Amino acid sequence: MEMNDNKRRQSLIVYAIIGFALAVAIRTMLYPNIMSAQIKDVSYSTFLSMVDDGKVGQVELTTGENQIKFTTGKGSETKVYKTTQFPNDATLVERLEKKGVDFSAKIPDTSGELWLYLLINLMPLAIFIGGGYLLNRRLQKQMGEDNPSMSFGGGFGLGGGLGRSGAKEVKGEETGVTFRDVAGQDEAKESLVEIVGFLKDPDRYAEIGAKLPHGALLVGPPGTGKTLLAKAVAGEAGVPFFSISGSEFVEMFVGRGAAKVRDLFKQANEKAPCIVFIDEIDAVGKKRDMGLSTNDEREQTLNQLLSEMDGFDNHKGIVVLAATNRPDSLDQALLRPGRFDRRIPVELPDLAGREAILKLHANDVRMEGAIDFGAVARQTPGASGADLANMINEAALRAVRMGRTRVTQTDILESVDVVIAGEKKKSTVLSQHEREVVSYHETGHAIVAAVQDGKSPVSKITIVPRTSGTLGFTMQTESEERYLTTREEYKQEIAVLCGGRAAEELIFGQMTSGAANDIERATKIARAMVTQLGMSDRFGMMSLGETQNRYLGGGSVLSCSEGTAQQVDAEVQALVEEGRQTALRTLRENRFKLHEIAHYLQKKETITGEEFMHMLTSDDGFAPQLPEVEQGR
Ligand code: ADP
Ligand code: MG
Ligand code: ZN
């Protein structure tokens, strides 16, 4: 009796060991990174900056011990770190939420080690492995179905990666985002209101027999709030929000992408009404005929997506939203009626929009007195919503560094520079001569800008080196938003860009590498004038190029014969040269002002627009010379 029991126990143990070894071997084969994953210990501040940089994927806090484990990277790139939470950091949750990090807390677990997790997770199964039956089933389970007991390490994103779609389900109410959290995108919001109505009450639409679009495509440059808008739609309608990023599909094993799409829509179908959000859809939805190298995986995924979108019953209230900043590369099949037939532009915010976004984000930080957000907005043409949010945050960080409890206007203005040009770089020590050259260069830009008719005034000149590599910059303020630019204005812009080099040539008789960026920008403007804007005498209204990647700042590709291309180059060169001559002439005529201001700048490092204008216009015998108005060639 006792013998028997002992034997049974022994054989049970043998079974357990064999089973466990097998299970570990399988695990290792499937997820090699788990076994090699070493938990790296990092400091809390490193953790915070990794969060802010958007590197962190998942965070798990062990309550009581204040241990934080977190992951970076995806798929096989996943790395696991740990750190100890700094006491009483109440802002962490907000910070994590802001970056969309998946975070959770758990009760202390006596086994801290990774392999113990494995042991505990697998032991019960391992014991019962008999006749290969269970083993077989488990493999199937891992490959296909979702099985919570398989999920590894308390949601660390390492397990389950092969199985489930990975679309994170967040209850709509919990996205916590509403239209009020999105500023300056009124047109986009208006287009989305109807979708919200539909999600709230799909039956009302079904009764009449109205069909709502299956999908809408949010199109615009990075950081303009596309993801935010999609979340807001779910939040407004109070429906679940399923989101997945296009790039996740692509990095998967063959055949998994299509399964993931199927799974995603299956889940959505169960939870309808709901939002399915596909971020970066261009990663899956690229035109299929492009290039020779076909990506079968991507194509299968795309086909699955197309058939799911055709197949679902939209009376139930599923709306697929997708976002992209490369709409022109999307496969036509995606844009057909019944799929993403609505296109919602989400453009860079205009002046009023920028001000609204700044104010919105400023609500989250403590501000000192009245802050002139309009002034900040005027200094930031071309900034995206994400840039502006970042500026407010940088300002708050600066205030803390300065030991203050409130953010001031100076903090914000300083952070504008940080976001535009990078942090001040203390380690860069310029020689006396270099500082002189940079001063003249920047003053050159500023004088040409100010003297030219109709040019927006200079708001700031600085020669403090920045981490981005900039040695100095001249900031121009747009007094009002411009939607149309005349040929004269483009020419003036080119002249202003030439002003830096022109000053160097005039004063030092030399050229430096400092003008590289100016040259690039001036040439880009000139090329656009000739090939796209019909502003050259030689070609008139002829289109000579096609824009590429409009939202990513891509240039254009010439679409003309080789001979014409040569003429285009000649024309572009002439335009830039004309700008250079204008700049040289302007500076020659204001040579004394150039000396005076450049010397002052060299001493003070940063001067404001008012100081500059005051020096330029002050009548100390050298009033600025306005060049005679130039006629277009
Ligand atoms: P996109 O998806 O277009 O690249 P996101 O929606 O991810 O941009 O925006 C990133 C962040 O920038 C948001 O979380 C938000 O803090 C800020 N942001 C961007 N646009 C806006 C906006 N219009 N209003 C308020 N905040 C914005
Ligand atoms: Mg996005
Ligand atoms: Zn320059």
- Considering every residue within segment 489-511, establish whether at least one is among the aromatic types (Phe, Trp, Tyr), within 16 Å of ligand 1 (Cβ to nearest atom) and either farther than 22 Å from GLU434 by Cβ or assigned by TED's automatic domain parsing to the domain that holds SER384 (or both). no
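Check whether at least one residue in segment 421-431 is buried (at least 18 other Cβ atoms within 10 Å of the Cβ) and farther than 27 Å from VAL346 by Cα, and report yes or no.
For segment 421-431, residues buried (at least 18 other Cβ atoms within 10 Å of the Cβ) and farther than 27 Å from VAL346 by Cα: absent.
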- Please enumerate the residues belonging to segment 507-542 that are among the charged types (D, E, K, R), open to solvent by 60 Å² or more (accessible area, probe 1.4 Å) and within 11 Å of ligand 3 (Cβ to nearest atom). GLU520, ARG521
- Message: For segment 214-248, give me the residue count where each residue is charged (D, E, K, R) and surrounded by fewer than 24 Cβ atoms within 10 Å (Cβ to Cβ).
- Response: 2
- Query: Which ones in segment 322-345 are on the phi > 0 side of the Ramachandran plot and open to solvent by less than 20 Å² (accessible area, probe 1.4 Å)?
  - Reply: none
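For the structure I just gave you, tell me whether LEU616 is surrounded by 14 or more Cβ atoms within 10 Å (Cβ to Cβ), modelled with pLDDT under 95 and in contact with a Phe, Trp or Tyr (Cβ under 9 Å, 6 or more places away or on another chain). Step through it out loud before you land on a result.
Working: surrounded by 14 or more Cβ atoms within 10 Å (Cβ to Cβ): yes; modelled with pLDDT under 95: yes; in contact with a Phe, Trp or Tyr (Cβ under 9 Å, 6 or more places away or on another chain): no.
No: the conditions fail for LEU616.
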- Test ARG404 against the criterion of being open to solvent by 30 Å² or more (accessible area, probe 1.4 Å), of a type outside the set (Gly, Ala, Ser) and away from ligand 2 (no atom under 16 Å from the Cβ), and give yes or no. yes
- Give the residues of segment 357-399 that are among the small types (Gly, Ala, Ser) and closer than 30 Å to LEU330 by Cβ, sorted by residue number. GLY382, ALA383, SER384, GLY385, ALA386, ALA389
- Message: Taking the condition of being outside any loop (DSSP other than H, G, I, E, B), farther than 19 Å from SER243 by Cβ, open to solvent by 40 Å² or more (accessible area, probe 1.4 Å) and modelled with pLDDT under 85, how many residues in segment 154-203 meet it?
- Response: 1
- Message: I'd like to check something: does segment 275-296 contain any residue that is among the aromatic types (Phe, Trp, Tyr), buried (at least 18 other Cβ atoms within 10 Å of the Cβ) and in a strand (DSSP E or B)?
- Response: yes
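For every residue, the table says whether it meets (1) among the basic types (Lys, Arg); (2) modelled with pLDDT of 90 or more; (3) under 21 Å from LEU228 (Cβ atoms); (4) not assigned by TED's automatic domain parsing to the domain that holds GLU94.
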site: GLY338; (1), (2), (3), (4): no, no, no, yes
site: GLY369; (1), (2), (3), (4): no, no, no, yes
site: ALA375; (1), (2), (3), (4): no, no, no, yes
site: ALA389; (1), (2), (3), (4): no, yes, yes, yes
site: MET402; (1), (2), (3), (4): no, yes, no, yes
site: THR405; (1), (2), (3), (4): no, yes, no, yes
site: LEU413; (1), (2), (3), (4): no, no, no, yes
site: GLU442; (1), (2), (3), (4): no, yes, no, yes
site: VAL448; (1), (2), (3), (4): no, yes, no, yes
- Item | Tabulated pairs, segment 576-591, first assigned to a helix (DSSP H, G or I), second at pLDDT below 95 and of a type in the set (Phe, Trp, Tyr), C-beta under 9 angstrom, 6+ apart or interchain | ARG591/PHE622
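Residue under question is THR46, and the condition is that it be at pLDDT 80 or above and open to solvent by less than 60 Å² (accessible area, probe 1.4 Å); does it hold? Before you say what the answer is, go through the steps one by one.
Working: at pLDDT 80 or above: yes; open to solvent by less than 60 Å² (accessible area, probe 1.4 Å): yes.
It is true that THR46 is at pLDDT 80 or above and open to solvent by less than 60 Å² (accessible area, probe 1.4 Å).
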- Considering (1) out of contact with any helix residue (DSSP H, G or I) (no Cβ under 7 Å at 6 or more places or on another chain); (2) under 30 Å from ILE195 (Cα atoms); (3) β-branched (Val, Ile, Thr), say which one ILE357 fails and leave the rest. (1)
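When you check ALA210 against the structure, is it more than 16 Å from ligand 1 (Cβ to nearest atom), part of a loop (DSSP other than H, G, I, E, B) and open to solvent by 30 Å² or more (accessible area, probe 1.4 Å), yes or no? Reasoning before the result, please.
Numbers: more than 16 Å from ligand 1 (Cβ to nearest atom): yes; part of a loop (DSSP other than H, G, I, E, B): yes; open to solvent by 30 Å² or more (accessible area, probe 1.4 Å): yes.
Yes: the conditions hold for ALA210.
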- Using the structure shown, decide if ARG521 is within 28 Å of the chain's Cα centre (by Cα) and at pLDDT 85 or above. yes
- So THR582 clears everything in (1) among the hydroxyl-bearing types (Ser, Thr, Tyr); (2) modelled with pLDDT of 95 or more; (3) farther than 30 Å from VAL530 by Cα except one condition, right? Which one? (3)
- Query: Among the helices (runs of 4 or more DSSP H) contained in segment 365-451, which hold 2 or more residues that are in contact with a Leu (Cβ under 6 Å, 6 or more places away or on another chain)?
  - Reply: 373-378, 432-451
- Message: Looking at ALA522 and the list (1) within 20 Å of GLU488 (Cα to Cα); (2) assigned to a loop (DSSP other than H, G, I, E, B), which single condition is not satisfied?
- Response: (2)
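The values are calculated or read from the model by the stated rules, or taken from the named source; none is laboratory data. Keep in mind that what you see is a predicted model, and the values were worked out from it rather than measured. As a convention, Cβ positions derive from the backbone with ideal geometry for all residues, glycine included, and neighbour counts pool all protein chains shown. The protein model used for the area step is the full one, side chains on, heavy atoms only, and it has no ligands, DNA or RNA in it. Shrake-Rupley method; radii C 1.70, N 1.55, O 1.52, S 1.80 Å.
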